[in-house]
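Reading through the C-alpha cells given below for one structure.
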Amino acid sequence: MHYALDENFFRGYEWWLMKEAKKRNPNIILMGLPWSFPGWIGKGFNWPYVNLQLTAYYIMTWIVGAKHYHDLDIDYIGIWNERSFDINYIKVLRRMLNYQGLDRVKIIASDNLWEPISASMLLDSELLKVIDVIGAHYPGTHTVKDAKLTKKKLWSSEDFSTLNSDVGAGCLGRILNQNYVNGYMTATIAWNLVASYYEQLPYGRCGLMTAQEPWSGHYVVESPIWVSAHTTQFTQPGWYYLKTVGHLEKGGSYVALTDGLGNLTIIVETMSHKQSACIRPFLPYFNVSRQFATFVLKGSFSEIPELQVWYTKLGKPSERYLFKQLDSLWLLDSSSTFTLELQEDEIFTLTTLTVGSKGSYPLPPKSEPFPQIYEDDFDVDYPFFSEAPNFADQTGVFEYFTNIEDPGEHRFTLRQVLNQRPITWAADAYNTISIIGDYKWSNLTVRCDVYIETPEKGGVFIAGRVNKGGILIRSARGIFFWIFANGTYRVTGDLAGWVIYALGRVDVTAKKWYTLTLIIKGRLSSGMLNGKTVWKNIPVSFPKNGWAAIGTHSFEFAQFDNFHVEATR
C-alpha cells in the first residue's frame, strides 16, 4: 500500500514464503509486525499514531487481504518494531479487528523491551485484556517481575541475529532452552531466516542459513539450521513445557515438552561461554564441564518404552557432528531412568517422536563473485510490482514498470515508486537508493538511461564505490553523479550531498530520457551525459571500493533503463 488507495497484496516475497511454510507445516504460526509505515498514514509526520483509526484500518486491511488473496490466516499482529507503542492505538486495533470478525487474531506487544509495556498493562485493565502476548527483543534469556505478574504468554519475539558460524549455532542452542528456563518465554523467534542480502550490509550472514549469491545459485545450510531442528522437528505449536526444567549442575540446561497426548521431547544443551555468545546482550561468564546427568521419567511418562536420540557437537572439526541420529534408548529394563555423559558444546534431543530427519539436498553450485560485466534492460514480462534481480533497495522501492505511452525502447523500465518518505524505523536516507554488485569493486564503469518525472525539483543519480547500506545508508560514501530537472548536475562523495566534488549546468529537463555514464579508475573519476564528457579526472581517494547504485534525489517518481556495469576489483 504505497499510496492511500493502493491495496496491492502481491508485492514482495513474504506471501510466497508464508505459503511455502504452510505447505511444509500447516501448524506453523504466522505473524505480522510493522517495521515502518507508508508515509500517507502519518499525514506529514514521522509518526503512525496521528490517526489511530487509519493506522488500525491499514493493519486490518493487510490481515484481510492475506486471507482473501492467499488463504493465509495471520495468527498474531504486532504494534511497531522496537519503537514506541500507543496504548489507545492498541485498544483501537483490537476493536477494529473484532468488528471485522477477526477475534482470533491475537495482539503481541511491544516487540521492544519488557518495560514499559508490562507496567502499563498492570495499570490498565483494558490494555491487559487486549494484549495476548508480551514480546521482548534480545532479552538475554531473562524477563522482569512485571511481565510475569501479567500472567500473559512471554515470548522472545526477536532473538539470535548472530553470525551463522558454530558460535552463532551455540548462541541459538543456548537461548532456545534458557529463554524458558530463565525467563519463562515459550517462543523464541530467530532473526533472520535466510541471509539473502549482500554480506557487507549490516548483519551479514546473520541468518539460519546463507543464500546470498542468486547469480551463482550457491547456498550454505549453516549449523544454526540443525541446532534449531533439535527443537522444531520434535515439537509443534500447542505443545507446552513441563515444570521440571532447569540448569545442569556443571553448566548447561534442559527442558521437556509434551503435547498432552503422551508424547515427550527432552532437549539438553551444554553450550560453553566461548561457543555461545550472541551478538547481544552481553553474556556474563559461566563455566561448563564434563558431567553425567540422570533423568527419571515419572507418571504416565514412566510407560514410555523407547526414546529416539539426536545429537549435535559444535567446535573442533574433527569432533563436530550436526544433528546426527544415535541409537535409541530402551527404557523398559531401566526403571524409566537414563544417564547421559555430557561434554561441553553438545545438544541432545530425546523424544518419543519418530519423525526426525536430517534430509538431504543437492550439492549447491560453486560460489562465484558477482559478474564483472552485468547488464539489465528490465524487458521482463513480470508483474509491475516486482523488483529487479540483484538490486537491493536500501531506501525507496524500485519496481518493474510498463510505459503504456512508450511503445519503443523504454516500454519496460525500472521505476522508483515511492512519492512520500515512509514513517521510518531506522535512520533512512532522504534520497532513494538501490545498490548492486560486488562490494570489492574498485575500478568500474556504470551506465544507465534515466528519466526524471518531477519537473524543476526532480533529480536522479548513478553511483559507484558505495560503501554503506541498511541502517547506515544515510552516511553512505561513494562517487555519485547527479542530474536535476532544473538543468544542473552535481558530483558528490556521499549520498547526502555534503561532499561536493563538482557542479554545473547541463541540458537536462524532466520527461526526457538521458544516458548517464560514470567512470572510476584508481583515484580519478569522470562522467558523461549522452556520450559527451561533463566532468573529467576528478580526484577521489575515498572510498576505495563498494557497490554500484542508482537512485533519486528525493522520494519521487523516476525511471531507469538499460543498466550496465563493467568492473574490476
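Numbers at a glance
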read-out	value
Residue in the stretch 1-57 that is nearest to residue 132 (Cα to Cα), counting only those that are open to solvent by 40 Å² or more (accessible area, probe 1.4 Å) and of a type in the set (Val, Ile, Thr)	29
Restricting the stretch 254-306 to residues that are touching a His at 6+ places or on another chain (Cβ under 6 Å) and free of Cβ contacts under 8 Å to residues at least 40 places away in the same chain, the residue that is surrounded by the fewest Cβ atoms within 10 Å (Cβ to Cβ)	285
Residue 298, sole failed condition from (1) over 18 Å from residue 355 (Cβ atoms); (2) among the basic types (Lys, Arg); (3) under 34 Å from the mean Cα position of the chain (by Cα)	(3)
Filtered residues of the stretch 205-252 (kept if open to solvent by 20 Å² or more (accessible area, probe 1.4 Å), more than 19 Å from residue 312 (Cα to Cα) and not in a strand (DSSP E or B))	205, 214, 215, 216, 217, 236, 238, 242, 243, 244, 245, 249
Residue list for the stretch 56-89, restricted to those being more than 24 Å from the chain's Cα centre (by Cα) and not hydroxyl-bearing (Ser, Thr, Tyr)	68, 86, 87, 88
Segments classed as strands (runs of 3 or more DSSP E), wholly inside the stretch 408-515, with at least 3 members that are of a type in the set (A, V, I, L, M)	432-436, 443-452, 459-466, 500-505
Count - residues of the stretch 352-410 that are of a type in the set (S, T, N, Q), modelled with pLDDT of 95 or more and closer than 30 Å to residue 264 by Cβ	3
Of all residues making up the stretch 306-338, the number that are over 25 Å from residue 228 (Cβ atoms) and touching a Ser or Thr at 6+ places or on another chain (Cβ under 9 Å)	4
Only listed residue being in contact (Cβ under 8 Å) with a residue 12 or more places away in the chain and either aliphatic (A, V, I, L, M) or open to solvent by less than 40 Å² (accessible area, probe 1.4 Å) (or both), chosen from 433, 404	433
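Here's the yes/no breakdown for (1) in contact with a helix residue (DSSP H, G or I) (Cβ under 9 Å, 6 or more places away or on another chain); (2) open to solvent by less than 10 Å² (accessible area, probe 1.4 Å); (3) hydroxyl-bearing (Ser, Thr, Tyr); (4) in contact (Cβ under 8 Å) with a residue 40 or more places away in the chain:
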position: 477; (1), (2), (3), (4): no, no, no, yes
position: 500; (1), (2), (3), (4): no, no, no, no
position: 531; (1), (2), (3), (4): no, no, no, no
position: 548; (1), (2), (3), (4): no, yes, no, yes
position: 559; (1), (2), (3), (4): no, yes, no, yes
position: 565; (1), (2), (3), (4): no, yes, no, yes
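The values are calculated or read from the model by the stated rules, or taken from the named source; none is laboratory data. Bear in mind the structure is a predicted one, so any value in this text is a computation, not a measurement. So basically every Cβ, Gly included, is an ideal-geometry build from the backbone, and we count neighbours across all protein chains shown. Accessible surface is based on the protein model in full, side chains and every heavy atom, while ligands, DNA and RNA are left aside. Shrake-Rupley method; radii C 1.70, N 1.55, O 1.52, S 1.80 Å.
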